[in-house]
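Computed from the coordinates by the stated procedures, all read-outs in this text should not be read as laboratory data. All figures in this text were calculated on a predicted structure; none of them were measured in a lab. Note: ideal-geometry Cβ built from the backbone for every residue, glycine included; neighbour counts use all protein chains shown.
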Amino acid sequence: MSESSGQARRQALPRLCLASSSPRRAALLRQLGVAFDSCHPQVDECRLPAEPARRYVRRVALAKAAAGAAQAGGVPVLAADTTVVLDGAVLGKPADASAGVAMLARLSGRAHHVLTALVVRNAQQVHCALSCSRVTFRDITPSEAAAYWRTGEPADKAGGYAIQGLGAIFVRELRGSYSGVMGLPLYETMRLLERLDERFKLLAGPE
C-alpha cells in the first residue's frame, strides 16, 4: 500500500472519542491508525456488593461510554475497564504501599485472570465485548515487591502491576491478550469498531 493510499484510508475513517485518561489505552489505540480525541468521564468505579467480576467491568465500561457520549458531541465513543481477579476476588488499584505489596504477595507464584470490558457506541448502537487473559506469576519475594512499589509504576494499576513495564519480570506465562492485560485488547477493539461502522474495515481491505 502506498503512503498516499494509507493516508486516504485513514482520512475516510470516522473520528472517535476515547473515554479514558489512560495513556496506555491511547497508545494502543494509535497502533490501529484510528484518529481520536480523548475525554475524561468521571464515573463511580466502586464494585457493588457481591457483584460478579465480569458484570462489574462491563457495567463500569458501559457507564464510561455513556458519560463519554455526553461529552463527545455525536462522535462515536470507545470505553474500557480492566480488573484483576484472583480466586474470585477483584483486585483493584492499591491504595498505598502496604496494599500494593500485599497484592503482589497474593499474586506471587500463582495464576490470575485479567478482565477487560470494551464498549463502543454511537447514537444508534451499543456494542460490548470482554477479553479474559490468564497470567501466571513467578514467586516474588517481599523485598522485590517493596522495591517494585518504590518505582511508582504499580500505584495506579489494577492488581498492582504493569505488564508493559517493569512488572513484566514477574510474568512467567500469559495466555490471552497482551494488549488486553494492558487495558485495551486490540483484536476485540477492531471487531467492535467494524460492527459499529463498516468504514473501519478499510484497515483490513485489499492493498
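So how strong a dipole does the stretch 34-137 carry about its Cα centre when Lys and Arg Cβ are +1 and Asp and Glu Cβ are -1, to the nearest 20 debye?
Computed charge dipole of the stretch 34-137: roughly 300 debye.
Please list the helices of the chain that count as membrane-span-like by this rule: a mean Kyte-Doolittle hydropathy of at least 0.0 together with Cα atoms stretching 24 Å or more along the helix axis, each helix being a complete DSSP H run.
Span-like helices, by this rule, are 53-72.
Counting Lys and Arg as +1 and Asp and Glu as -1, what is the net charge of the other residues whose Cβ lies under 9 Å from the Cβ of D81?
+2
Near the amide H of C39, under 5 Å away, which other amide H atoms are found, from residues 5 or more places off or on another chain, if H is placed in the peptide plane?
L18, A19, S20
What is the sum of charges, Lys and Arg at +1 and Asp and Glu at -1, for the other residues whose Cβ falls under 14 Å from the Cβ of G152?
Once positives and negatives cancel, what remains is 0.
Among G152, A168, P142, pick out the residue whose Cα is farthest towards the positive end of the charge dipole of the stretch 133-187, where Lys and Arg carry +1 and Asp and Glu carry -1 on C-beta, about the Cα centre.
Towards the positive end, the residue furthest out is A168.
Along the charge dipole of the chain, Cβ charges K/R +1 and D/E -1, which of S179, L104, P94 sits furthest on the positive end?
Selected residue: S179.
Please give every one of the lysines within straight-line cross-link reach of K93, meaning a C-alpha to C-alpha distance under 24 Å, and leave out same-chain neighbours fewer than 8 residues apart.
Excluding near neighbours in sequence, the set is K64, K157.
Would you grab the residues whose amide H sits under 5 Å from the one on L91? Only those 5+ places off in sequence or on another chain, please, with H modelled 1.01 Å from N.
V84, V85, L86
Counting Lys and Arg as +1 and Asp and Glu as -1, what is the net charge of the other residues whose Cβ lies under 12 Å from the Cβ of P94?
0
Can you give me the long-range amide H partners of G109? Hydrogens built in the peptide plane at 1.01 Å from N, cutoff under 5 Å, separation of 5 or more residues or another chain.
Long-range HN contacts for G109: F137, R138, D139, I140.
For the stretch 45-104, with only Lys/Arg (+1) and Asp/Glu (-1) charged at the beta-carbon, what is the dipole magnitude about the Cα centre, in debye rounded to 20?
Dipole magnitude for the stretch 45-104 comes out near 220 debye.
Would you mind working out the magnitude of the charge dipole of the chain relative to its Cα centre, with +1 at each Lys and Arg C-beta and -1 at each Asp and Glu C-beta, to the nearest 20 Debye?
280 debye
Through the Karplus equation 6.51 cos²θ - 1.76 cosθ + 1.60, θ set to phi - 60°, convert the phi angles of the stretch 110-126 into ³J(HN,Hα) values in whole Hz; use x for Gly and Pro.
After applying 6.51 cos²θ - 1.76 cosθ + 1.60, I find 9, 9, 9, 10, 10, 9, 10, 8, 10, 9, 10, 8, 9, 5, 10, 9, 9 Hz.
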